[in-house]
1. With surrounded by fewer than 24 Cβ atoms within 10 Å (Cβ to Cβ) and polar (S, T, N, Q) as the only criterion, which of GLN58, GLN111 stands out?
2. Hey, does the range 174-183 have a residue that's among the hydrophobic types (A, V, I, L, M, F, W, C), open to solvent by 10 Å² or more (accessible area, probe 1.4 Å) and farther than 20 Å from CYS27 by Cα?
3. Please determine, by comparing only the residues of the range 209-230 that are open to solvent by 10 Å² or more (accessible area, probe 1.4 Å) and under 21 Å from ILE105 (Cα atoms), which one is modelled with the lowest pLDDT.
4. If you go through the range 185-206, how many residues are under 28 Å from LEU10 (Cα atoms) and either open to solvent by less than 10 Å² (accessible area, probe 1.4 Å) or of a type in the set (A, V, I, L, M, F, W, C) (or both)?
5. Name, by its number, the condition in (1) among the polar types (S, T, N, Q); (2) open to solvent by less than 20 Å² (accessible area, probe 1.4 Å); (3) farther than 26 Å from PHE5 by Cα that does not hold for GLN98.
6. Do we find a residue being open to solvent by 10 Å² or more (accessible area, probe 1.4 Å), closer than 21 Å to MET225 by Cβ, of a type outside the set (A, V, I, L, M, F, W, C) and not in a helix (DSSP H, G or I) anywhere in the range 31-44?
Amino acid sequence: MPDPFAPYVLGGVPLANRIVMAPMTRCRAGSGGTATELMARYYAQRADAGLIITEGIQPSEVGQGYPWTPGLHTAEQARSWRTVTEAVHARGGRIAAQLMHAGRISHPSVQRGGAVPVAPSAVRADGKVFTPAGMKDMVTPVALDEPGIRATIADFVAAARAAIGAGFDGVEIHGANGYLVHQFLAEGSNSRTDAWGGGVAGRLRFAVEVAAAVAGEIGPRRVGMRLSPGGGTSSDIHEDPEDLPATYVPLAHALSEVGLGWLHLVDTGGPALRLRIREAWHGALIVNPALGAGAEAAQAGLQAVEEGQADLVSYAALFLANPDLPTRLRRGGPFNAPDRSTYYGGDERGYTDYPELAS
């Protein structure tokens, strides 16, 4: 039986255990989208994870979705992230940068000059988005043209190169939760009839080409992709549950052919789809149980590894509220409850002040 607390080698990188900190948007970046000393403290506190995957980092200005999120598209931003990676490595941890282009889940108020966000198609997401002035209705995005798509892929490549230069151990491409890569995958947000849409092959193309381009730049074993079949956070993504295998099984196979180091699956598609994806995917599989921040989620994740359903397990809110989560998982708890009112923006409260267990 695989042991979730045993060492594991992921993409050639030795990890202390199979417990992964999932990416979580926290909106606490500094001026110019830079990483701060407070962010370095936050991630270093959680360095007992086998692997930390950062909050979504925009690979370009136009990729920003929310206020006060960090970037990796300027030299200043890249330098600032080295403070974070060095703090995590000093505690023996490993950390990967998640590259997230928000696409249509954005607002002109966070875009330079009030620009309209971009997406695969000019299809507005139904709902509101967090802005500096509070929650606002999302707007109809501008559909990317062919040069825009190629420039966006190049942005991912440049950000991945900057991430490795900043000391990250790898890069995860955000293909989940209704953001740009997911928008290309879903029929509800991709109504294109050219080679980047239409049938399944066209809708998969952007995800696969981004993955292949990033892998070609920094090496495939240091690259992963996160997916959430049928699931999106405040994103109005529509994917018919019956059609999910037709999209995500061939996607898993195509990403396997690229040779990526890991696939990070948010378990929104159910156990049957997870099994089919695992059969099509030949690399390491990280599963996020998507069950919240309680004991049930903790146990479900460990069980997924022990039963061979996943190679590693990721936790989000549980890690947010429990910086020493691997220790708590070994002991079966107790677990701090996360304070939702401090999730986005603010200072150290609800960020670096969660207590650890007494030794």
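The values are calculated or read from the model by the stated rules, or taken from the named source; none is laboratory data. Values in this document were obtained by computation on a predicted structure and should not be read as measured data. So basically every Cβ, Gly included, is an ideal-geometry build from the backbone, and we count neighbours across all protein chains shown. Heavy atoms of the whole protein, side chains included, go into the accessibility calculation; ligands, DNA and RNA do not. Shrake-Rupley method; radii C 1.70, N 1.55, O 1.52, S 1.80 Å.
1. Step by step, each of GLN58, GLN111 is checked, and only GLN111 is surrounded by fewer than 24 Cβ atoms within 10 Å (Cβ to Cβ) and polar (S, T, N, Q).
2. Here is the first cut: in the range 174-183, the residues among the hydrophobic types (A, V, I, L, M, F, W, C) are 176, 180-181.
Next, only the ones that are open to solvent by 10 Å² or more (accessible area, probe 1.4 Å) stay: none.
Within the range 174-183 (the criterion being among the hydrophobic types (A, V, I, L, M, F, W, C), open to solvent by 10 Å² or more (accessible area, probe 1.4 Å) and farther than 20 Å from CYS27 by Cα), the answer is no, since none of the residues qualifies.
3. GLY230
4. Quick first cut of the range 185-206, residues under 28 Å from LEU10 (Cα atoms) only: 185, 204-206.
Filter once more, so that each one left must be either open to solvent by less than 10 Å² (accessible area, probe 1.4 Å) or of a type in the set (A, V, I, L, M, F, W, C) (or both): 185, 204, 206.
Selection size over the range 185-206: 3.
5. Result: GLN98 fails condition (3) only.
6. The answer is no, given that none of the residues of the range 31-44 is open to solvent by 10 Å² or more (accessible area, probe 1.4 Å), closer than 21 Å to MET225 by Cβ, of a type outside the set (A, V, I, L, M, F, W, C) and not in a helix (DSSP H, G or I).
Quick grid of which residues meet (1) of a type in the set (Lys, Arg); (2) part of a loop (DSSP other than H, G, I, E, B):
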{"site": "THR85", "(1), (2)": "no, no"}
{"site": "HIS89", "(1), (2)": "no, no"}
{"site": "GLN98", "(1), (2)": "no, no"}
{"site": "ARG104", "(1), (2)": "yes, yes"}
{"site": "PHE130", "(1), (2)": "no, no"}
{"site": "THR140", "(1), (2)": "no, yes"}
{"site": "ALA154", "(1), (2)": "no, no"}
{"site": "ARG161", "(1), (2)": "yes, no"}
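Residue-wise test of (1) of a type in the set (Lys, Arg); (2) within 18 Å of ARG18 (Cβ to Cβ); (3) surrounded by fewer than 19 Cβ atoms within 10 Å (Cβ to Cβ); (4) under 16 Å from the mean Cα position of the chain (by Cα).
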| position | (1), (2), (3), (4) |
| --- | --- |
| LEU244 | no, no, no, no |
| GLY270 | no, no, yes, no |
| LEU273 | no, no, no, no |
| ALA298 | no, yes, no, no |
